[in-house]
């Protein structure tokens, strides 16, 4: 599949375009009247978030890290 498609081709073969982007890590440019208007790019896989060997089990978190404590900051 070409890396540049006009809107009609991209629409007609959208699932195939996405499969190529996903499986082959291809970048596809969508064109309108011969001008590029958009790119479909693969999302890079996240790196492994496993703990470092020497630090596994040594860090402890206390409290609610995602709680809303903005009122405590405003009164300080």
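Laboratory data are not the source of any read-out in this text; all were calculated from the coordinates shown. Predicted model only: the values in this text are computed from it and were never measured. Backbone-built Cβ (ideal geometry, glycine too); neighbour counts: all protein chains shown.
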Exercise. Which log10 I(q)/I(0) values, to two decimals, does the stretch 1-44 give at q = 0.34 Å⁻¹ under the Debye formula with one point per Cα?
Worked result: -1.29
Exercise. Modelled label-to-label distance, residue 33 and residue 12, 7 Å Cα→beta-carbon offset: nm?
Worked result: 2.2 nm
Exercise. Which of the peptides 7-19, 53-65, 32-44 is most tightly packed, and how do the rest follow, judged by the mean count of other Cβ atoms within 10 Å per residue?
Worked result: 7-19, 32-44, 53-65
Exercise. When DSSP assigns beta bridges and you keep just the ones with both residues in the stretch 1-44, what percent turn out antiparallel, to the nearest 5?
Worked result: 60 percent
Exercise. How far is it, in nm, from the label point at residue 56 to the one at residue 1 when both lie 7 Å from their Cα along the line to the Cβ?
Worked result: 4.0 nm
